[in-house]
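Quick one: structure below, then a few questions.
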Amino acid sequence: MTGGDAGGDGDVKTAPAGPPPTLDWKFSQVFGERTAGEEVQEVDIISAIEFNKSGDHLATGDRGGRVVLFERTDTKEHGGSRKDLEKTDYQSNRHPEFRYKTEFQSHEPEFDYLKSLEIEEKINKIKWCQTANGALFLLSTNDKTIKFWKVQEKKAKKVAEMNMDSLKAVGNGSIASSSVSSINKLSHTTNGEHTDKSCISMNKDFSSSGAIQSLRLPVVVTSNETSLVARCRRVYAHAHDYHINSISNNSDGETFISADDLRINLWNLEISNQSFNIVDVKPANMEDLTEVITSAEFHPTHCNTLAYSSSKGSIRLIDLRQSALCDRHSKLFEEHETLGSRSFFTEIIASISDIKFGRDGRYILSRDYMTLKLWDINMDAGPVSTFQVHEYLRPKLCDLYENDSIFDKFECCLSGDGQRVATGSYSNLFRVFGSTPTSTEATTLEASKNPMRRQVQTPSRPSRSLSSSITRVVRRGGESTGNDTNGNSFDFTTKLLHLAWHPTENSIACAAANSLYMYYA
């Protein structure tokens with residue numbers, strides 16, 4: 001049937017696959033839910049969220065310097081590891097479930113006496129490291145200091161009772177009490193020497209009574225009860241003059257980077273007193289400063305490649321093999337301004353607050369104040385997709401500048417399969433977009449037990465090509481106004497800044513003030 005259509009070459013031409021179906025998101029869990037009218041304490045507000053590589057553990061950090069760990073429970077209930085479950089025909093209808101595991105105080109408030117500067121205990125970033133011997137390892141940082149933590153289950157040790165028969169105790173009391181009472185009775189001689197009469201009397205008592213012929217000491221035994229212990233293995237300090245905004249593990253499992261406004265440092269996990277400065281954008285004269293580093297991340301598989309973003313809306317890809325100090329980038333990704341579009345707010349809203357590599361390292365997702373942009377590292381002419389998040393706020397930029405909301409730093413994340421992207425917004429809303437070329441998915445959800453309550457489905461707008469053959473720019477979700485479809489006004493005091501996508505499943509964890517909400521699809 002297909003021979004004639006295929007021009008006689010015998011090849012069967014299949015129709016291109018359509019976009020993946022729009023996900024139906026459902027509420028899964030909430031930790032730290034607030035009751036109506038409950039006041040949120042500043043120290044309890046979540047400031048960082050991170051899944052580990054397997055997705056079996058989740059870590060959150062808060063403004064009080066605490067790190068809270070959660071572990072997945074639904075896979076354990078069915079027995080075996082995730083790999084074993086994947087080999088079976090068992091189809092789980094259960095959604096991912098997590099439970100509280102432990103928490104520890106990662107950072108304390110400090111004071112820099114040289115600069116007369118208070119250092120907050122707030123956790124800026126958390127990154128998981130490779131596990132070893134059943135222990136969990138992670139990095140956490142505040143504005144100045146990075147710490148390397150080991151969390152491990154340890155069996156509790158207890159002191160066993162003295163190994164003696166209580167029926168053969170001397171007199172009415174115990175041998176322990178009678179012997180201890182006489183221990184301090186020492187007989188001193190004239191030349192300062194002394195003899196311990198208690199030892200002599202105790203031996204006489206023991207031998208004459210026949211109760212105990214030798215002294216038995218208490219025994220320390222290991223019980224079956226276990227407790228989680230978090231121990232700080234290393235502290236990486238005094239390497240940043242400005243506030244640390246990013247840390248990122250290298251795929252080699254041995255090194256990581258830390259970035260502040262003007263520098264990026266390379267560390268070895270085993271060496272805490274030395275780091276190498278690999279990027280330095282500080283000018284000789286600070287008056288010439290035009291941009292700062294806003295985020296940095298290692299490539300997920302290439303240990304020599306990393307990317308960092310700037311306040312001017314550009315992303316630079318650098319290769320550590322080129323030189324010790326990476327002054328020159330190997331690739332530059334930026335979107336050129338359209339003529340006549342520049343305003344007072346142009347540079348402010350162009351500043352990138354977060355970048356994330358896709359799991360395969362082919363794409364980089366960036367978040368600025370107005371949009372999400374998806375970049376192909378092989379094409380630097382412009383983003384392959386642009387998703388409108390805050391276009392409805394453009395008329396309100398003056399007000400947002402006055403109340404400093406325009407400087408809010410929203411994070412972004414990609415799904416494990418790379419087919420969807422997500423980011424937060426105001427009124428505790430977050431948005432999920434389909435990132436495939438033909439997808440029109442643009443879902444708005446609220447961080448609550450009813451995520452679809454404030455649902456806003458916006459139609460996609462036609463593509464606008466920068467170059468017909470090089471890049472594809474898809475703009476979606478730009479039809480929103482200041483109110484949603486139910487007429488509810490957006491609240492700029494409640495903002496969803498932090499969220500993370502499970503590495504292997506369609507599950508999102510997001511932070512609304514001090515509450516951690518989890519959703520699945």
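Using amide H atoms built 1.01 Å from N in the peptide plane, name the residues 5+ places from Arg420, or on other chains, whose amide H lies under 5 Å from its own.
The answer is Ser415, Ser435.
Which net charge results when you count Lys and Arg as +1 and Asp and Glu as -1 among the other residues whose beta-carbon is under 15 Å from that of Glu402? All intermediate terms of the calculation are to be shown ahead of the outcome.
Details: positive: Lys396; negative: Asp399, Asp404, Asp408.
Summing Lys/Arg as +1 and Asp/Glu as -1 gives -2.
I need the calculated FRET efficiency for the pair Thr493 and Leu217, taking r as the beta carbon distance and R₀ as 56 Å, to the nearest 0.05.
FRET efficiency, Thr493 to Leu217: 0.30.
Per-residue counts of other Cβ atoms within 10 Å, averaged by peptide: what ranking do you get for 263-271, 321-329, 424-432, 45-53, highest first?
424-432, 45-53, 263-271, 321-329
Now for a separate question. Net charge near Arg233: determine it from the other residues with C-beta under 11 Å of the C-beta of Arg233, scoring Lys and Arg +1 and Asp and Glu -1.
Net local charge, Arg233 excluded: +3.
Which value, in Å² and to the nearest 10, is the accessible area of Asp360 when all protein chains are kept and the probe is 1.4 Å?
100 Å²
With r defined as the distance between the Cβ atoms of Ser323 and Asp24 and R0 fixed at 45 Å, what FRET efficiency is calculated, to the nearest 0.05? Kindly include the intermediate steps, with their values, before the conclusion.
Details: r = 50 Å, r/R0 = 1.11.
For R0 = 45 Å, the calculated efficiency reads 0.35.
Let me ask another. Given an 8 Å cut-off on Cα distances and at least 6 residues of separation, report the relative contact order of the range 117-157 as a percent.
RCO, the range 117-157: 34 percent.
What whole-number distance in Å separates the alpha-carbon centres of the range 53-76 and the range 282-315?
Computed from Cα coordinates, the inter-centre distance equals 29 Å.
Relative contact order (percent) for the range 291-363, with alpha-carbon contacts under 8 angstrom and 6 or more residues of separation? Working shown, then result.
Details: 119 pairs, mean separation 26.1, N = 73.
Computed over the range 291-363, the figure is 36 percent.
Filter the cross-link list Lys53/Lys150; Lys127/Lys158; Lys101/Lys150; Lys101/Lys154; Lys53/Lys331; Lys125/Lys495 down to pairs whose alpha-carbon distance in this structure exceeds 23 Å. Provide the component values of the computation, followed by the final result.
Numbers: Lys53/Lys150 16 Å; Lys127/Lys158 35 Å; Lys101/Lys150 14 Å; Lys101/Lys154 14 Å; Lys53/Lys331 28 Å; Lys125/Lys495 18 Å.
The answer is Lys127/Lys158; Lys53/Lys331.
Let me ask something else. For a quick check of understanding: with a 1.4 angstrom probe and all protein chains in place, what accessible area in square angstrom does Met452 have, to the nearest ten?
Spelled out: Met452, probe radius 1.4 Å, area about 70 Å².
What FRET efficiency, computed as 1/(1 + (r/R0)^6) with R0 = 51 Å and r the Cβ-Cβ distance, is obtained for Arg342 and Arg233, rounded to the nearest 0.05?
Computed FRET efficiency for Arg342 and Arg233: 0.55.
Name the long-range amide H neighbours of Thr294: under 5 Å, sequence gap of 5 or more, or other chain; modelled H, no Pro or chain starts.
Ser309, Ser310, Ser311
Ok, one more. Could you give the length gained on full extension between Lys396 and Phe276, defined as 0.36 nm per residue of separation minus the Cα-Cα distance, in nm?
On the way: separation 120, 0.36 × 120 = 43.20 nm, distance 4.31 nm.
Contour length minus the Cα-Cα distance gives 38.9 nm.
I'd like the accessible area for Phe111, computed on protein heavy atoms only with a 1.4 Å probe and all protein chains in place. Round to 10 Å², please.
Near enough 90 Å² of accessible area.
Same structure again: Give me a comma-separated list of calculated 3J(HN,Hα) values for the range 18-25, in order, Karplus coefficients 6.51, -1.76, 1.60 applied at θ = phi - 60°, integers in Hz, x for any Gly or Pro.
For the range 18-25, the Karplus curve yields x, x, x, x, 5, 6, 9, 7 Hz.
In whole Hz and in residue order, list the ³J(HN,Hα) couplings for the range 37-48 that follow from phi through the Karplus curve 6.51 cos²θ - 1.76 cosθ + 1.60, θ = phi - 60°; x for Gly and Pro.
In residue order, the calculated couplings are x, 6, 7, 8, 7, 4, 5, 8, 5, 6, 10, 7 Hz.
OK, next. Test of understanding: what is the full-extension gain from Lys154 to Arg362, defined as 0.36 nm times their sequence separation minus their Cα-Cα distance?
70.8 nm
The values are calculated or read from the model by the stated rules, or taken from the named source; none is laboratory data. Model, not experiment: these values are computed from the prediction. Please note: Cβ atoms are built from the backbone with ideal geometry, for glycine as well, and neighbour counts cover all protein chains shown. Accessible surface is based on the protein model in full, side chains and every heavy atom, while ligands, DNA and RNA are left aside. Shrake-Rupley method; radii C 1.70, N 1.55, O 1.52, S 1.80 Å.
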